[in-house]
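Please read the structure below before turning to the comments.
The values are calculated or read from the model by the stated rules, or taken from the named source; none is laboratory data. Here the structure is a predicted model, which means the values were calculated and not measured. A quick note on method: Cβ atoms are made from the backbone with ideal geometry, for glycine too, and the neighbour counts reach across all protein chains shown.
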Amino acid sequence: MTQPSGDQQAYPPPYEPPHRGPRRRRARTAVVLGAAGVLGVVAIGGGAAAYQAYYATGDQPSQALPADTLAYLSVDLDPSGRQKLEALEVLERFPGFGEFSDEVGLDRDDVRRTLFDQIVDATPCADLDFDDDIDPWLGGRFAAAVVPDDTSPNVPELGGDVVFVAEVSDAAAASDGMERIADCGGEDEVGWAAEGSWLVVSDTSDAAERVLDGAAEASLADDAAYGRWTDAAGGAGILNVFVGSGAADQLVEALDGDLDDAIGDELGLAIGEADREAVRTAAEDFEGAALAARFADGGLEVVGATQARLGAEDGERPALTAGTAGDLAASLPDTTGAALAVGLVPYWYEALLANLVDGGLASEDVEAGVAAVEDETGLRLPDDLRTLLGEGVALAVDGERADLDTLEGSEGPQDLPLAAKVLGTDADEVRDVLDDLLEASGAPDEVDVAVEGGDGGSVALGFDDDVVADVAEEGGLGGTDVFEDVVPETDDVHALLFLDLRAGDGWLEDLARDLGDDELADNVAPLSAVGLSVRVDDDVARTVLRITTDD
């Protein structure tokens with residue numbers, strides 16, 4: 001919303017009629033109109049300020065860091081008004097939040113105060129007073145970052161320095177406050193620099209000043225890669241993470257040194273040249289990634305974004321998945337309590353074997369593994385697997401037929417109201433492959449798999465005839481509120497997980513009570529659903545986790 005500039009004033013009409021009688025009334029009218037104009041400007045300005053306070057995220061610590069920052073994590077304790085309201089609306093639905101805040105003395109109006117008290121209690125700085133020594137200058141936004149520094153890195157493996165950034169309202173007061181903190185803590189190996197709205201803390205003051213100088217020349221906030229991936233993750237949240245392409249380059253240099261041996265010794269693994277080459281290839285392709293967490297729509301949302309790898313035509317490692325999983329899951333019955341779906345490209349089998357070889361396995365070992373699977377199962381690879389998995393597959397648990405007793409009493413998938421839905425395959429061919437599998441596995445004669453052709457070239461299969469019949473039909477899960485809340489988009493979704501936590505009369509709450517923990521049960525009761533989806537849009541892959549609560 002744009003505020004009128006100072007020279008946009010309300011002028012009287014240029015034409016004055018000859019009749020002079022009602023002059024005084026006209027004068028009063030002009031005054032009233034002028035006052036109304038002033039009030040209108042004030043109202044518009046106030047509305048713009050209110051809009052900014054409610055929606056705007058404000059300055060971020062990325063402004064105080066150089067553009068070549070390797071990695072960045074920020075926390076916003078003073079988010080937009082909308083975020084504050086969303087957070088309180090969600091958190092106050094949980095009884096444990098009130099109990100926790102009372103136990104730790106959480107000041108909901110100023111989380112900084114609570115954190116300060118908790119930290120100071122464990123340090124020699126007990127004489128510091130938050131109101132006198134900290135509050136006058138400390139803001140509500142903080143970050144930790146790794147910045148390149150070849151001269152004296154405190155993270156030698158990545159050739160960089162870890163620095164901390166805090167928002168401040170008074171740079172001089174912040175520097176004085178840091179003096180008091182350093183003195184009371186007896187800390188010699190700490191340095192800082194404060195300028196404008198930001199305080200940078202590092203192991204030396206020179207290092208901190210270099211960070212601010214680098215940001216003045218070109219800041220991370222203005223970096224194209226940072227902006228691209230942060231925007232792809234939905235913008236700034238209460239928690240933000242960014243990893244730049246430079247971090248991958250530094251990792252390659254570290255692996256070419258002694259770091260790989262150290263990792264191998266720690267994990268008991270031998271890191272060979274093929275492993276190093278796989279890391280090098282991935283690092284060369286890496287363009288950056290970002291993650292943001294925020295409260296939204298009565299729940300918590302976490303979004304991660306990075307570049308997508310979709311095909312092998314340009315020499316990249318081929319992808320296995322396709323964007324059919326969302327629509328496939330949406331076509332399940334509206335009674336579905338849990339679903340797992342994945343879309344598959346036509347050449348997924350070949351891509352899988354190629355990825356195994358690219359990942360360091362010898363091609364002869366891969367071939368031997370394929371032969372062993374064929375001998376053990378009687379499958380003809382890859383044809384039988386293509387028949388069973390088609391162009392995508394979804395597993396669905398019926399939420400009305402599944403309760404906690406059913407889940408606990410089951411001895412295998414044959415006892416569960418579970419069915420699979422497969423795209424792009426043939427029911428008769430699926431039935432033939434399943435018969436061969438059951439025979440090869442030595443399954444009892446009474447074990448039977450129901451197979452039913454469905455709408456749109458899909459096939460449903462499972463052990464329960466009724467569940468299979470429901471899944472075979474075009475269902476309405478995608479139109480339910482509980483699904484839409486956690487999976488907001490189904491187009492181009494490559495993989496998806498959905499859990500209705502209220503299915504089966506609230507199986508999660510029942511599970512907590514069966515474990516004898518009523519307090520835990522009370523705190524999971526507000527939870528409604530969980531959705532995890534991976535969506536690819538052009539060259540960007542977004543992973544969205546949503547956890548919703550009931551009103």
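In table form, for the structure just shown:
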{"quantity": "Hits in segment 221-242 - residues which are aliphatic (A, V, I, L, M), more than 14 Å from the chain's Cα centre (by Cα) and under 20 Å from Phe142 (Cβ atoms)", "calculated": "Ala221"}
{"quantity": "The listed residue being at pLDDT 85 or above and under 18 Å from the mean Cα position of the chain (by Cα), out of Arg502, Arg535", "calculated": "Arg535"}
{"quantity": "Residue list for segment 453-481, restricted to those being buried (at least 20 other Cβ atoms within 10 Å of the Cβ) and touching a helix residue (DSSP H, G or I) at 6+ places or on another chain (Cβ under 9 Å)", "calculated": "Gly454, Ser458, Val459, Ala460, Leu461, Gly462, Ala472, Gly475, Leu477"}
{"quantity": "Within segment 197-214, considering residues that are more than 11 Å from Phe164 (Cβ to Cβ) and of a type in the set (Ser, Thr, Tyr), the one modelled with the highest pLDDT", "calculated": "Ser197"}
{"quantity": "Counted residues, segment 114-137 - those being within 19 Å of Ala173 (Cβ to Cβ) and either among the hydroxyl-bearing types (Ser, Thr, Tyr) or not in a helix (DSSP H, G or I) (or both)", "calculated": "7"}
{"quantity": "Which numbered condition Ala290 fails, given (1) within 13 Å of the chain's Cα centre (by Cα); (2) modelled with pLDDT under 90; (3) among the small types (Gly, Ala, Ser)", "calculated": "(2)"}
{"quantity": "Residues of segment 154-189 classified as modelled with pLDDT under 85, surrounded by fewer than 17 Cβ atoms within 10 Å (Cβ to Cβ) and within 33 Å of the chain's Cα centre (by Cα), total", "calculated": "4"}
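Every residue, every condition in (1) surrounded by 19 or more Cβ atoms within 10 Å (Cβ to Cβ); (2) in the same structural domain as Ala221 (by TED's automatic domain parsing); (3) among the hydroxyl-bearing types (Ser, Thr, Tyr); (4) at pLDDT 85 or above, yes or no:
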position: Pro333; (1), (2), (3), (4): yes, no, no, yes
position: Val357; (1), (2), (3), (4): no, no, no, no
position: Asp384; (1), (2), (3), (4): yes, no, no, yes
position: Ala394; (1), (2), (3), (4): yes, no, no, yes
position: Val397; (1), (2), (3), (4): yes, no, no, yes
position: Ala402; (1), (2), (3), (4): yes, no, no, no
position: Asp405; (1), (2), (3), (4): no, no, no, no
